[in-house]
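Read through the structure below, which is laid out as structure tokens, and then see the notes.
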Amino acid sequence: MTALHELGALELRERFRARELSPVEVLEACATRIEETAEFNTFVTLALDEAREGAREAERAYAAGEAEERPLLGIPVAVKDLFDTAGLRTTYGSAMFARHVPRADAEVVARLREAGALIVGKTSLFEFAWGISSQNTANGDCLNPWDAERSAGGSSGGSAAALALRQVPLALGTDTAGSIRIPAAFCGVMGLKPTVGRLSAEGVFPLAPSLDHVGPMARRPEDIALAMGVLDGGHWRHCERPPLRVAVWHGPPDPELDDDTAKALDAAADALVRQGGRVERVSGLEVDDAVVPFATIQLVEALESHQARGLYPRRSDEYTPQIARRLERGRAVRLGDYLSAGTARRAIASAFARLFRDWDILLSPISPVPPPKLGEESEVRSGRARGLRDAVLGFTVPESIAGLPACAVRASIGSDGLPRAVQIAGPRGSDRRVLAAAAMVWGDNPELQSIWPEPAVSSRT
């Protein structure tokens with residue numbers, strides 16, 4: 001029998017409406033799970049007392065038949081600690097905001113509350129979301145549920161790990177260079193980076209506003225669809241029409257894929273073929289150099305964001321050295337370099353537009369390697385890549401700089417017992433199609449769906 005904390009959001013909603021389950025008992029099951037697995041440090045701040053009050057109100061609403069217009073009523077949700085939450089501490093992953101309590105919700109958080117979601121807490125992240133791990137000197141490191149000695153990815157690592165631990169069925173994340181997709185891949189869950197601008201970023205601390213995306217994370221595609229229906233105000237289903245034309249991209253020339261990642265990519269392609277897809281490998285997408293213009297744009301926009309808030313350089317000594325150095329580098333970017341980066345960005349968008357004249361979706365890896373050991377992110381070896389950042393961003397940045405929808409979905413379990421994921425992307429506005437394809441990959445192997453980690457915390461903690 002499936003434990004209550006393992007149920008998905010859509011199933012919970014249906015069983016709440018049928019009066020088969022109580023929001024109060026489900027929340028308590030999630031709270032117990034959070035306590036049992038607290039060593040993984042998925043949450044920066046918990047709001048369980050407020051969530052319990054909301055669960056009692058949800059139970060009364062279901063009993064009175066007043067729940068029809070609130071699709072997330074009584075469903076526990078975790079929110080990345082980059083989103084403002086009224087009356088609930090929000091640190092943005094920084095020691096300088098350790099006591100910060102916003103007065104208003106971010107717009108997407110307000111939508112969750114209006115839909116009846118129970119905000120159980122704020123999840124771990126890298127400082128100001130400017131990293132692809134979730135190590136954090138202010139709040140502690142988030143650990144990977146599959147192997148507590150390994151990175152959970154970032155910067156939305158707390159949200160991904162909370163899902164993999166079955167602490168909650170839904171979570172919010174943000175993605176600028178892969179910060180939803182990388183932790184979703186490393187933790188074996190799903191994460192959707194929608195088309196840029198589709199979901200509001202109002203009330204979210206910006207990293208690079210023109211590159212930032214807000215998106216939902218879950219364990220199942222139907223739960224991603226449920227969340228998107230709330231967040232963008234549309235009617236979502238997780239199955240549209242099958243994508244008939246699938247381009248497969250193995251990534252830039254370096255780094256090379258490890259064997260298990262290559263097998264996962266093949267498994268995802270085979271799943272789409274079995275469901276009517278025409279699959280063909282492509283190369284020469286003219287997006288191999290996306291990281292360089294991306295980094296220039298990110299540096300300039302991040303610097304502007306921190307200057308506009310009066311944080312930099314006035315409070316320079318309160319940043320960690322890594323973030324302070326990056327902001328300083330932003331000051332050194334010349335106008336000509338920034339303008340050239342914009343030109344390169346438009347060329348990358350055009351390259352994708354040409355690709356999607358002939359193909360419905362693009363299937364590719366997210367990381368060429370499994371999650372590295374904590375503290376060894378700079379020692380990753382794949383092809384000639386040096387470090388996790390170099391190994392991964394070539395796969396995730398092109399979709400970010402072009403503003404494309406992209407979904408991370410687990411495709412296999414590697415020989416090392418760690419999940420391997422793929423990325424499915426499409427042209428701007430094709431979010432439903434992208435999620436439909438991810439659902440096809442996920443649904444092709446029912447046995448894979450039942451495999452989740454049995455957490456064992458390492459001696460490191």
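When Ser283, Ser350, Ser340 are checked against the criterion of being open to solvent by 20 Å² or more (accessible area, probe 1.4 Å), within 23 Å of Gly429 (Cα to Cα) and free of Cβ contacts under 8 Å to residues at least 60 places away in the same chain, a single residue qualifies: Ser350.
Among the criteria (1) under 24 Å from Gly234 (Cα atoms); (2) modelled with pLDDT of 95 or more; (3) open to solvent by 60 Å² or more (accessible area, probe 1.4 Å), the one Arg357 does not fulfil is (1).
Of all residues in the range 416-438, those satisfying the criterion of being in a helix (DSSP H, G or I) and either under 18 Å from Asp258 (Cα atoms) or open to solvent by 10 Å² or more (accessible area, probe 1.4 Å) (or both) are Arg432, Arg433. If you check Pro313, Pro255, Pro243 for being in a loop (DSSP other than H, G, I, E, B) and more than 24 Å from the chain's Cα centre (by Cα), only one passes: Pro313.
For (1) aromatic (Phe, Trp, Tyr); (2) at pLDDT 95 or above; (3) open to solvent by 10 Å² or more (accessible area, probe 1.4 Å); (4) closer than 30 Å to Phe126 by Cα, each residue gets a yes or a no:
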| position | (1), (2), (3), (4) |
| --- | --- |
| Phe16 | yes, yes, no, no |
| Arg19 | no, yes, yes, no |
| Glu28 | no, yes, yes, yes |
| Thr45 | no, yes, yes, yes |
| Gly54 | no, yes, yes, yes |
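If you go through the range 75-87 and keep only what is part of a strand (DSSP E or B) and in contact with a Pro (Cβ under 7 Å, 6 or more places away or on another chain), you end up with Pro76, Thr85.
Within the range 3-16, does at least one residue satisfy the condition of being assigned to a loop (DSSP other than H, G, I, E, B) and either without any contact (Cβ under 8 Å) to a residue 60 or more places away in the chain or more than 26 Å from Asp147 (Cβ to Cβ) (or both)? Checking the range 3-16: not a single residue is assigned to a loop (DSSP other than H, G, I, E, B) and either without any contact (Cβ under 8 Å) to a residue 60 or more places away in the chain or more than 26 Å from Asp147 (Cβ to Cβ) (or both).
Among the candidates Ile323, Ile413, the residue that is surrounded by 14 or more Cβ atoms within 10 Å (Cβ to Cβ) and farther than 26 Å from Glu256 by Cβ is uniquely Ile323. Scanning the range 58-74 for residues that are among the hydrophobic types (A, V, I, L, M, F, W, C) and either part of a loop (DSSP other than H, G, I, E, B) or open to solvent by 20 Å² or more (accessible area, probe 1.4 Å) (or both) returns Ala63, Ala64, Ala67, Leu72, Leu73. What residue, of Glu222, Glu202, is out of contact with any strand residue (DSSP E or B) (no Cβ under 9 Å at 6 or more places or on another chain) and either outside any loop (DSSP other than H, G, I, E, B) or crowded, with 24+ Cβ neighbours inside 10 Å (or both)? Glu222 is the lone residue from the list that is out of contact with any strand residue (DSSP E or B) (no Cβ under 9 Å at 6 or more places or on another chain) and either outside any loop (DSSP other than H, G, I, E, B) or crowded, with 24+ Cβ neighbours inside 10 Å (or both). Scanning the range 163-182 for residues that are in a helix (DSSP H, G or I) and either among the β-branched types (Val, Ile, Thr) or more than 19 Å from Ala225 (Cα to Cα) (or both) returns a single hit, Ile182.
Scanning the range 186-199 for residues that are within 21 Å of Pro398 (Cβ to Cβ) and outside any loop (DSSP other than H, G, I, E, B) returns Phe186, Met190, Gly191, Leu192, Lys193. You will find that of Val77, Val101, Val109, the residue that is open to solvent by less than 10 Å² (accessible area, probe 1.4 Å), of a type outside the set (Lys, Arg) and out of contact with any helix residue (DSSP H, G or I) (no Cβ under 8 Å at 6 or more places or on another chain) is Val109 and no other. Taking the range 111-125 as the range and being touching a Gly at 6+ places or on another chain (Cβ under 7 Å) and in a strand (DSSP E or B) as the test, the residues that pass are Leu118, Thr123. Restricting the first member to the range 21-43 and to residues that are part of a strand (DSSP E or B), and the second to residues that are open to solvent by less than 10 Å² (accessible area, probe 1.4 Å) and not aliphatic (A, V, I, L, M), the beta-carbon pairs closer than 7 Å and six or more apart or on different chains are Phe43/Gly121; Phe43/Lys122; Phe43/Thr123; Phe43/Ser124; Phe43/Gly158.
Within the range 381-393, none of the residues are part of a strand (DSSP E or B), farther than 25 Å from Glu447 by Cα, touching a Gly at 6+ places or on another chain (Cβ under 7 Å) and open to solvent by less than 10 Å² (accessible area, probe 1.4 Å). Scanning the range 80-89 for residues that are hydrophobic (A, V, I, L, M, F, W, C) and either in contact with a helix residue (DSSP H, G or I) (Cβ under 6 Å, 6 or more places away or on another chain) or under 18 Å from Pro169 (Cβ atoms) (or both) yields Leu82, Phe83.
The values are calculated or read from the model by the stated rules, or taken from the named source; none is laboratory data. None of these values were measured; they are calculated from a predicted model. Glycine also receives a Cβ, built like all others from the backbone with ideal geometry; neighbour counts cover every protein chain displayed. The area values use the complete protein model at the heavy-atom level, side chains included, leaving out ligands, DNA and RNA. Shrake-Rupley method; radii C 1.70, N 1.55, O 1.52, S 1.80 Å.
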